[in-house]
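Some notes on the structure that comes next.
The values are calculated or read from the model by the stated rules, or taken from the named source; none is laboratory data. Source: prediction; values computed, not measured. For neighbour counting, all protein chains shown are included, and Cβ atoms are generated from backbone atoms with ideal geometry for every residue, glycine included.
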Amino acid sequence: MLSESQLKDIEQSPYKKDFPLLAKNPGITFLDSAATSQRPEAVLAAERDFYETMNANPLRGLYRLSVAATAAIEDARNHIASFIGATDEAGKPQGSQVVFTRNASESLNLVANSLGRSVLRPGDEVVISIMEHHSNIIPWQQVCAATGAKLVYLRLDDDYAITQQEIEEKIGPKAKIVSVTHVSNVLGVENDIPAIAARAHEMGAYMVVDGAQSVPHLKVNVRELNCDLMAFSAHKLGGPMGIGVLWGKSEILDQMPPFLTGGEMIDSVTETGAVWAPVPQKFEAGTQDAAGSYAFDADLTYLEGLGMERIEQRERELACYLCDSLAALDYVDVIGPRDGSRHVGAVAFNVHGIHPHDVSSILDGSGICIRAGHHCAQPLLSYLDVQMGSTCRASVAFYNDKADIDRFINGLDTVWTIFNG
């Protein structure tokens, strides 16, 4: 249970005014930030500013506008590297380790198809967890089928955790790649990535992390996680849609072949072959979303101004209140830990006898936005034997407040009354 001071802390949100959609639509209760977050005014203004002041194709021109666009992308790379702790021993950000993609899904596909097809042989193993998003399952299924490697799943215990025993039993000498989500997009639980990475490296395997649900909510440091590659998306952080990031250690990215080919990812081309450009351009075929990168840079400045530690603290308080409020309803089953402090942003649940789609649709009539479905995690829901193969999911961000959650809980009472009188 939250203390009185914690409840007071989340009573109202001082941040909603920074988000135009929320500020202009006070009747909306947005509890679907695990799918995509709202954008602060700073991001919207930055994207417009790019097109109004430096709109040109980056990397391809020597004139002022193109040079400015190129600089905007490189500044964003360095900022992202700093934000996730990708720095050298002197603390200098390693922007060349940041590859821009369209989203976390593309980043994971890049790793699976580039690294996976390069290193996997028949009999090798790729280890993932049962709680993965489809974006971190299907690419490995496809690559394993193509290379003759075997896909191995880390399972959960009764407390929704991957135990050290499970880690040691499943990540063995045949493992070549381990790819695990930092935070589950369904359960909201945080996995012990340093422990998993330590075992992976002990067995000589690469450690890949899906950070889509952790980077928006936690102060992430790739060096502390001890991972080799990490994927995440801007749009879950308040940045634009269509911008993803693949961070990787330089020596690994250098060895990986390109995933997509075409303009700007080459150094030279002849009639019979090509020489690739250095990393990160090697992985960025075609025109990049420079405006999106510029706006993402502005988004990180906004978040850092608030302080990621403060954001993390507030969101944990919100998640605790959300989880406790749901647990108090005798017609609701929370799917995941009962301890709200173990939920990073998201809480999945079901209402007895009512399909999640109906719950979501009725709540929408009152302006309450939650997610309903399988959340691109069907193997997890099958493993947990979730009835109807889908759940409701409410997810919070720092711009939410206690009033949002109270309105949501009242909405659930309405849903229950409609179906049960």
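Taking region 73-98 as the search range and keeping residues that are among the aliphatic types (A, V, I, L, M) and crowded, with 22+ Cβ neighbours inside 10 Å, which one is modelled with the lowest pLDDT? Step through it out loud before you land on a result.
Initially, region 73-98 is screened for residues among the aliphatic types (A, V, I, L, M), giving 73, 76, 80-81, 84, 86, 90, 98.
Of the ones still in play, those that are also crowded, with 22+ Cβ neighbours inside 10 Å are 73, 76, 80-81, 84, 86, 98.
Details: 73: 94, 76: 97, 80: 98, 81: 98, 84: 98, 86: 97, 98: 98.
My answer is 73.
It is to be established whether one or more residues within region 11-26 are in a loop (DSSP other than H, G, I, E, B), outside the structural domain of residue 181 (by TED's automatic domain parsing) and within 28 Å of residue 96 (Cα to Cα).
Restricting attention to region 11-26, the residues satisfying the condition of being in a loop (DSSP other than H, G, I, E, B) are 11-15, 19, 25-26.
Filter again for outside the structural domain of residue 181 (by TED's automatic domain parsing), leaving 11-15, 19, 25-26.
From what's left, within 28 Å of residue 96 (Cα to Cα): none.
No; the residues of region 11-26 include none that is in a loop (DSSP other than H, G, I, E, B), outside the structural domain of residue 181 (by TED's automatic domain parsing) and within 28 Å of residue 96 (Cα to Cα).
Six or more apart or on different chains, Cβ atoms under 6 Å: show the pairs whose first residue is in region 275-290 and assigned by TED's automatic domain parsing to the domain that holds residue 61 and whose second is of a type in the set (Val, Ile, Thr).
Filtered contacts from region 275-290: 277/266; 280/99; 283/99; 285/261; 289/243; 290/73.
Scan 60, 102, 64 and give me the residue that is closer than 20 Å to residue 232 by Cα and basic (Lys, Arg).
Details: 60 fails: closer than 20 Å to residue 232 by Cα; 64 fails: closer than 20 Å to residue 232 by Cα.
Sole residue among the options that is closer than 20 Å to residue 232 by Cα and basic (Lys, Arg): 102.
Can you name the residue in region 5-48 that is surrounded by fewer than 16 Cβ atoms within 10 Å (Cβ to Cβ) and among the acidic types (Asp, Glu) and, of all such residues, is modelled with the highest pLDDT?
Looking at residues that are surrounded by fewer than 16 Cβ atoms within 10 Å (Cβ to Cβ) and among the acidic types (Asp, Glu), I get 41.
Based on what the data block shows, is residue 329 touching a residue at least 60 places away in the same chain (Cβ under 8 Å) and either on the phi < 0 side of the Ramachandran plot or in contact with a Leu (Cβ under 6 Å, 6 or more places away or on another chain) (or both)? Break it down into steps so the answer makes sense when it comes.
Numbers: touching a residue at least 60 places away in the same chain (Cβ under 8 Å): yes; either on the phi < 0 side of the Ramachandran plot or in contact with a Leu (Cβ under 6 Å, 6 or more places away or on another chain) (or both): yes.
Answer is yes for this residue.
Is there any pair linking a residue in region 61-81 that is β-branched (Val, Ile, Thr) to one that is outside any helix (DSSP H, G or I), with Cβ under 7 Å and at least six apart or on different chains, and which?
Sorted first by the residue in region 61-81, then by its partner, the pairs are 70/58; 70/59; 73/58; 73/288; 80/98; 80/245.
Taking into account only those residues within region 245-283 that are at pLDDT below 95 and among the acidic types (Asp, Glu), which is nearest to residue 106 (Cα to Cα)?
264
Of everything in region 355-385 that's of a type in the set (A, V, I, L, M, F, W, C) and surrounded by fewer than 20 Cβ atoms within 10 Å (Cβ to Cβ), which residue is nearest to residue 314 (Cα to Cα)?
To start, the set of residues in region 355-385 that are of a type in the set (A, V, I, L, M, F, W, C) comprises 359, 362-363, 368-370, 372, 376-377, 380-381, 384.
If we keep only those that are surrounded by fewer than 20 Cβ atoms within 10 Å (Cβ to Cβ) as well, we get 362, 369, 376, 384.
Details: 362: 28, 369: 20, 376: 27, 384: 29 Å.
The residue in question is 369.
Which condition from (1) of a type in the set (Lys, Arg); (2) in a helix (DSSP H, G or I); (3) at pLDDT below 95 is the one that residue 338 breaks?
(2)
Based on this model, can you work out whether residue 226 counts as over 12 Å from the mean Cα position of the chain (by Cα) and at positive phi? Please lay out each step first, then the result.
Details: over 12 Å from the mean Cα position of the chain (by Cα): yes; at positive phi: yes.
The answer is yes for residue 226.
Run down 215, 186, 180 and say which single residue is touching a Phe, Trp or Tyr at 6+ places or on another chain (Cβ under 6 Å), buried (at least 24 other Cβ atoms within 10 Å of the Cβ), hydrophobic (A, V, I, L, M, F, W, C) and touching a residue at least 40 places away in the same chain (Cβ under 8 Å). Give the steps one after another, and end with the answer.
Details: 186 fails: touching a Phe, Trp or Tyr at 6+ places or on another chain (Cβ under 6 Å); 180 fails: touching a Phe, Trp or Tyr at 6+ places or on another chain (Cβ under 6 Å).
Result: 215 is the single residue among 215, 186, 180 that is touching a Phe, Trp or Tyr at 6+ places or on another chain (Cβ under 6 Å), buried (at least 24 other Cβ atoms within 10 Å of the Cβ), hydrophobic (A, V, I, L, M, F, W, C) and touching a residue at least 40 places away in the same chain (Cβ under 8 Å).
Taking interchain pairs and intrachain pairs at least six residues apart, which have beta carbon atoms under 8 angstrom, with the first residue in region 29-55 and more than 17 Å from residue 243 (Cα to Cα) and the second among the aliphatic types (A, V, I, L, M) and in a loop (DSSP other than H, G, I, E, B)?
Cβ pairs passing all conditions: 31/370; 31/396; 32/370.
Could you check residue 2 against (1) at pLDDT below 95; (2) within 30 Å of residue 324 (Cβ to Cβ); (3) part of a helix (DSSP H, G or I) and say which number it fails?
Of everything listed in (1) at pLDDT below 95; (2) within 30 Å of residue 324 (Cβ to Cβ); (3) part of a helix (DSSP H, G or I), residue 2 misses just condition (3).
Can you name every residue in region 149-158 that is free of Cβ contacts under 8 Å to residues at least 60 places away in the same chain and over 15 Å from residue 175 (Cβ atoms)?
Residues satisfying the conditions are 157, 158.
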